Amino acid sequence: MYIFLCEDTLDGIFTGVYDAWASRYGHNNVALTTQVLDNYSLFDEYIPVQTDYEKSAKVARTLKKRMGEEVYGELCHAASAQEEDPPKKHSLNKADAIYKTIVLALSLPDSSKVLQYLGEPYVNRVFSLSRRTGNEAHHLLGFLRFQELENGILFAKISPKHHVLPFLGEHFSDRLPQENFMIYDETHHLAVLHPKGKGFFITDTQDLDSEMLQRFSSKEQEYQKLWCSFFENIAIEARKNPKLQNQNLPKRFQKNIVEFR
Amino acid sequence: MNLQMNMDLMEKLNILSAAAKYDVACTSSGVDRKGGGKGIGNAIAPGICHTFSADGRCVSLLKILFTNECIFNCAYCLNNRDSDVKRAAFTPDEICMITMEFYRRNYIEGLFLSSGIMVSPDYTMDLIYQTIWKLRTVHHFHGYIHVKSIPGADPVLVEKTGFLADRMSINLELPTSESLRRLAPCKSRSTILKPMRQIQNRITDNKQELTVYHKAPRFVPAGQSTQMIIGATPENDFQIMSVAEGLYQKFYLKRVFYSAFVNVNGNSLLPALPGGPPLLREHRLYQADWLLRYYHFQVSELLSEDRPDFNIFLDPKCDWALRHLEYFPVEINQASYQTLLRVPGIGYKSAERIVKARKRNSLTFEDLKKMGVVLKRALYFITCSGKMMYRTKLEEDYICQNLMRDKTQIPRDIREGGYRQLSFFDKELHADFQLTDSQILSP
Ligand code: SF4
């Protein structure tokens, strides 16, 4: 078996897909993984993958063209998922599941139908990983809170399990095109930056000016207060139900939400 | 009336959000709209919840009244003209400012604006129209807007507002016109149904216009909804669901909401409800509503004159299946989509997945589990390649007992949050079902 070791990022995995495909070892003889292995098997050959944005973009283009936006979106979600740590027994590594799903898709008369083959374990894995990322991203579309800094920039901090930042960047760029905003992912040490009127980009956060992020605009406090009192007033006393509240809005999100602090 | 001038914004917001909380619709769903690079805001069809209030309900919109002043005297409402409550009114600019600033900070998906009736229905509706007009054209707000139409307002105002709002609603309030006459004498079925029909017709015409000219302005693109109060008046579930079915079929409503009655003002025309609001009943009505909208059920299959109320202990689909064991078990690898929809434990999404996935290879119970089928419910009603999951009897009493042992028949939040209420029901229904508390509530 030839095992391609890829970086645990969307581009890393797509580069792995490109290399594995181009290697011509035959689909049955290759596997992909994003895991850092501490046990190498003597019978396998390990091939480190050098993440290459051009290769990744080529893969992305092909996938979009052949499978459509929807399946492509699911594959991206799956690639951005954080896997169980330590990995569960028998659980397929996401890179391998993605590769095998792509192989199956391209062998079908209609590649866009690949996610219907839930009986296949690797398709199932892609489906469930994608659902995990998708759910968290969807939650954060609502649970993320911006605060207005002194310089007018809207700033939000999130602590997600999965790498949802690109999806949030896309959503909020469409929603707030005329704002300067920044979304800081403290789990992955990355941030979305969106300058007013332009597209967004993702950057690492080594030289984040943490002092600047503490200086809020003069109005910020006032709106937070208004919002918090709206939040308290909207609940119906006779139906009070903290358990349901915590079930719907899991505790791990609450620390970054102004009305729960 | 003690309307106060120069009240500060915080106090207004407190009064006018507290006064709006009994309207249950807070969804932002039903319309997709891209931001388009200018202005602010977009809309996402499945809707987005921004927070959950202390009662566990999703908060998605800034839900406020324009004013809680009112010239009407609906008995169940805290804002009625006879109530001794503090009154307030926003200005259109105040509402625009709060909406914009909340939206920028991602507190909300948009605005849900409703109102008590100040001066006259037209006067109030005009203020609402002005507010929405400002938001859309001065502030370039493209987020979600839900407007509640004022009963009795001029159709021209309703139409103008409809071209700016995403969703409109007019609350039916009570299931029968008789109850309406008794509790809301200033309203009538016709002041409610007329504008509902008007909006429906305009939506239909607009669809035509849009096929001819796709840039035509859109009228209420997320459709219209309504709300009924449950438990304030003596109507049974059969009457309530029949009304809902009529609204879906004849008025093409997007949603009917059911609101468990909360006695806010101790009015003598109204029941006291010592057990708290009828949350479990409300829950069953919502379940049945889903069966109508997504599962191709008809009310006449679920209830009848002789059985006018839902079984409190079982969800309506399980209850239906138990009374129709002749249809079961169904074979997962062959049954039609329609048939699968009727199996307890199989949701419409799982049913879709099953139909697609079984084309490639026949499915096992393990596969079903992965597709989201709730096997502990479904197992009595299905076979996979001719085999049942366990040996079970296809017998009403036996299955019923087992299903009832499943505590999720009563949702966790009601089980835990509203225990008092359950025991209130228990007493009443105990005899009929011959169940002990431990059977209902044990894990
Ligand atoms: S019209 Fe009736 S329900 Fe509406 S605010 Fe006035 S009294 Fe309340």
Per DSSP, loop GluC sites (Glu not before Pro) in the stretch A:37-124 with at most 12 further Cβ within 10 Å = A:Glu84
key: Alpha carbon centroid spacing (whole Å) that separates the stretch A:155-229 from the stretch B:313-362   = 45
task = At a Cα cut-off below 18 Å, give the aspartates and glutamates reachable from B:Lys38, other chains included and same-chain residues fewer than 8 away excluded.
result = A:Glu170, A:Asp174, A:Glu179, B:Glu101, B:Glu109
remark   = One would report the antiparallel percent of DSSP beta bridges in chain B, rounded to the nearest 5, as 15
request  = Taking H placed 1.01 Å from N in the peptide plane, check which residues at least 5 places from B:Asn106 or on another chain put their amide H under 5 Å from its amide H.
outcome  = A:Phe146
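Loop-only GluC sites (Glu not before Pro) in the stretch A:185-222, please: DSSP not H, G, I, E or B, and at most 10 other Cβ atoms within 10 Å. Let's see the in-between values first.
Details: sites: A:Glu186, A:Glu211, A:Glu220, A:Glu222; in loops: A:Glu186, A:Glu211.
Those that pass, being in a loop and sparsely packed, are A:Glu211.
If eta is 0.890 mPa s and T is 25 °C, what Stokes-Einstein diffusion coefficient results for the stretch B:9-302, Kirkwood Rh from Cα pairs, in µm²/s?
On the way: Rh = 19.6 Å.
The Stokes-Einstein estimate is 125 µm²/s.
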ask   = After finding the eigenvalues of the alpha carbon gyration tensor for the stretch B:316-423, what semi-axes result from the square roots of 5 times each, listed largest first in whole Å?
value = 26, 16, 12
message = Between helix A:220-233 and chain A, what is the angle of the helix's C-alpha long axis to the longest principal axis, kept within 0 to 90° and rounded to the nearest 10?
response = 90
Inter-probe distance in nm under a simple model that places probes 7 Å from Cα toward Cβ, at B:Ser188 and A:Lys88 = 6.3
inquiry  = Under 5 Å between amide hydrogens, which residues at least 5 positions from B:Lys63 or on another chain qualify, with H placed 1.01 Å from N in the peptide plane?
reply    = B:Phe112
Per residue accessible area of the protein assembly as shown, 1.4 Å probe, in Å² = 45
key: Where a label projected 7 Å from the Cα of B:Arg323 along Cα→Cβ would reach, residues of the stretch B:365-398 with amide N under 13 Å   = none
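Work out, in µm²/s and without decimals, the Stokes-Einstein translational diffusion coefficient of the stretch B:1-115 at 10 °C, 1.306 mPa s, Rh from Kirkwood over C-alpha pairs.
Taking Rh from Cα pairs, D becomes 103 µm²/s.
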inquiry  = Accessible area of the protein assembly as shown with a 1.4 Å probe: how many percent of it is carbon plus sulfur?
reply    = 52
remark   = Taking every alpha carbon pair in chain A and sorting the distances into 5 angstrom bins from 0 up to the bin holding the longest one, the percent per bin comes out as 1, 5, 11, 14, 16, 14, 11, 10, 7, 6, 3, 1, 1, 0
ask   = What residue among B:Ser268, B:Ser169, B:Ser28 has the largest mean-square fluctuation in a Gaussian network model of chain B, using Cα springs under 10 Å?
value = B:Ser268
inquiry  = Filter chain B for me: DSSP H helices, axial length by Cα at least 27 angstrom, mean Kyte-Doolittle hydropathy not below 1.0. List them by residue number.
reply    = none
query = Short version: which residues of the stretch B:81-112 lose at least 50 Å² of accessible area, all chains versus chain alone, 1.4 Å probe?
reply = B:Phe102, B:Arg104, B:Arg105, B:Asn106, B:Tyr107
task = Have a look at B:Leu180, B:Leu375, B:Leu113 and tell me which one the Gaussian network model of chain B (Cα, springs below 10 Å) gives the largest fluctuation.
result = B:Leu375
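Pairs B:Lys148/B:Lys187; B:Lys12/B:Lys134; B:Lys187/B:Lys317: which are spaced more than 26 Å apart, C-alpha to C-alpha? Each step should come with its number before you reach the end.
Details: B:Lys148/B:Lys187 15 Å; B:Lys12/B:Lys134 20 Å; B:Lys187/B:Lys317 35 Å.
Beyond 26 Å: B:Lys187/B:Lys317.
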Accessible surface buried upon A-B contact (total; probe 1.4 Å; Å², nearest 100) = 5400
query = Among A:Lys157/A:Lys240; A:Lys55/A:Lys94; B:Lys356/B:Lys387; A:Lys65/B:Lys215, which pairs are too far apart, with a Cα-Cα distance over 24 Å?
reply = A:Lys157/A:Lys240; A:Lys65/B:Lys215
ask   = Expressed as an acute angle from 0 to 90° and rounded to the nearest 10, what is the orientation of the C-alpha long axis of helix A:94-107 relative to the principal long axis of chain A?
value = 60
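Given the C-alpha atoms of the stretch B:184-223, compute the convex hull and give its volume per residue in Å³. Walk me through the numbers on the way to the answer.
Values: hull volume 2.4 nm³, N = 40.
Hull volume normalised by residue count: 61 Å³.
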ask   = How big is the convex hull of the Cα atoms of the stretch B:81-175, per residue, in Å³?
value = 126
note = Sorting B:Val373, B:Ser177, B:Cys70 by the position of each Cα along the dipole of the protein assembly as shown (Lys, Arg +1; Asp, Glu -1; all at Cβ), the one nearest the positive end of that ordering is B:Ser177
inquiry  = Rounded to whole Å, give me the distance from the Cα center of the stretch B:49-91 to that of the stretch A:113-142.
reply    = 40
ask   = When chain B is treated as a GNM, springs tying every alpha-carbon pair under 10 Å, which of B:Ala19, B:Ala378, B:Ala232 comes out with the largest mean-square fluctuation?
value = B:Ala378
ask   = Once Lys and Arg get +1 and Asp and Glu get -1 on their Cβ, which of B:Thr233, B:Pro195, B:Ala216 lies farthest toward the positive end of the dipole of the stretch B:191-239?
value = B:Ala216
remark   = Taking the protein assembly as shown, the equivalent ellipsoid from its C-alpha gyration tensor has semi-axes in Å, biggest first, of 44, 36, 23
message = Averaged over its residues, how many other protein chain Cβ atoms are within 10 Å of peptide B:10-23's Cβ atoms?
response = 3
ask   = Can you give the helix-only mean residue ellipticity at 222 nm for chain A, where every DSSP H stretch with n ≥ 4 adds -39500 (n - 2.57) and the sum goes over all residues, rounded to the nearest 500 deg cm²/dmol?
value = -14000 deg cm²/dmol
Antiparallel DSSP beta bridges within the protein assembly as shown, percent to nearest 5 = 30
request  = Would you calculate, for chain B, the mean residue ellipticity at 222 nm contributed by helices, counting each DSSP H stretch of 4 or more residues as -39,500 (n - 2.57) and dividing by all residues, to the nearest 500?
outcome  = -11500 deg cm²/dmol
Directionally averaged shadow of the stretch A:120-261, computed from the convex hull of its alpha-carbon atoms, nm² = 10.9
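The values are calculated or read from the model by the stated rules, or taken from the named source; none is laboratory data. These numbers come from a predicted model, not from an experiment. A quick note on method: Cβ atoms are made from the backbone with ideal geometry, for glycine too, and the neighbour counts reach across all protein chains shown. All accessible areas refer to the heavy atoms of the entire protein, side chains included, with ligands and DNA or RNA removed. Shrake-Rupley method; radii C 1.70, N 1.55, O 1.52, S 1.80 Å.
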